[in-house]
Amino acid sequence: MAGNLERGFGMDTDQKRLLIRLLLITGVFIACPVSMMAIMTYGDSFPWWLNAVVIVASLPLLPVLLVVMSWTAWRGVTIHGMTKMEAWWWISGPFSVAYPLSMLVFRTEEFGHVLAPFTFAWMVAFVSSGIWTLARIYQLVRSRTPRISTREAVMLATVILGGVVLIALRARASR
């Protein structure tokens, strides 16, 4: 049975606040490696204090944001009626797409040593997103009503986009 967050209607203000919190946490989680890559690529264009703040704040924020995002998704499932599949996607899906996309944009493959914690988090998120995709497709195939909501279609498309971006990144690296 689909939760209120999946159906997208009948959401009360607490559920809307939960989605806003998840969007904000995901945005900051994605902004950490993206800002680090921007500093590494275009560091001379930014003031020295901004470079220092980004470098000092990005790495400690990674585990903190992982914990906060997991806790928020857990509260969404237990209190606000979010499905477990949607919570799983929030934890793994956006980062598994945004990280290789930012590597493609900023061309930061040579800065691997600085980005190692983010790369490790991406690897875990990418594997989790792949398993999520297989589980969701299996659920759709096994369900008696194989309807897919717009929200789930966007989630699946996002994870598939992550795979396409990864293929593009690998193709560029092999040249």
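The values are calculated or read from the model by the stated rules, or taken from the named source; none is laboratory data. It should be emphasised that the depicted structure is a prediction, and the values quoted were computed from it without experimental measurement. Every residue, glycine as well, gets a Cβ built from its backbone with ideal geometry; the counts of neighbours run over all protein chains shown. For the accessible areas, the whole protein counts, side chains as well, though only heavy atoms, and no ligand, DNA or RNA atoms are used. Shrake-Rupley method; radii C 1.70, N 1.55, O 1.52, S 1.80 Å.
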| request: Could you tell me which residue of segment 150-175 is least open to solvent (accessible area, probe 1.4 Å), considering only residues that are among the basic types (Lys, Arg) and touching a residue at least 12 places away in the same chain (Cβ under 8 Å)? | output: 172
| query | Can you pull out the residues in segment 24-35 that are of a type in the set (Gly, Ala, Ser) and crowded, with 17+ Cβ neighbours inside 10 Å? | reply | 31, 35
| request: Go through segment 71-119 residue by residue and tally those that are within 30 Å of residue 41 (Cβ to Cβ), part of a helix (DSSP H, G or I) and not aromatic (Phe, Trp, Tyr). | output: 18
| Among the residues of segment 118-149, which ones are among the polar types (S, T, N, Q) and either surrounded by 10 or more Cβ atoms within 10 Å (Cβ to Cβ) or modelled with pLDDT of 85 or more (or both)? | 119, 128, 129, 133, 139, 143, 149
| said: I'm trying to understand the selection: among the residues of segment 92-105, which are buried (at least 22 other Cβ atoms within 10 Å of the Cβ) and either under 15 Å from residue 20 (Cα atoms) or hydrophobic (A, V, I, L, M, F, W, C) (or both)? | reply: 94, 95, 97, 98, 103
| task | For segment 36-48, indicate whether the set of residues that are part of a helix (DSSP H, G or I), among the small types (Gly, Ala, Ser) and either more than 22 Å from residue 114 (Cβ to Cβ) or open to solvent by 70 Å² or more (accessible area, probe 1.4 Å) (or both) is non-empty. | result | yes
| message | Suppose the filter is open to solvent by less than 50 Å² (accessible area, probe 1.4 Å), closer than 27 Å to residue 135 by Cα and not hydroxyl-bearing (Ser, Thr, Tyr); does residue 115 pass it? | response | no
| Of the residues 108, 72, 83, 78, which single one is open to solvent by less than 20 Å² (accessible area, probe 1.4 Å) and either at pLDDT 90 or above or within 25 Å of residue 153 (Cα to Cα) (or both)? | 72
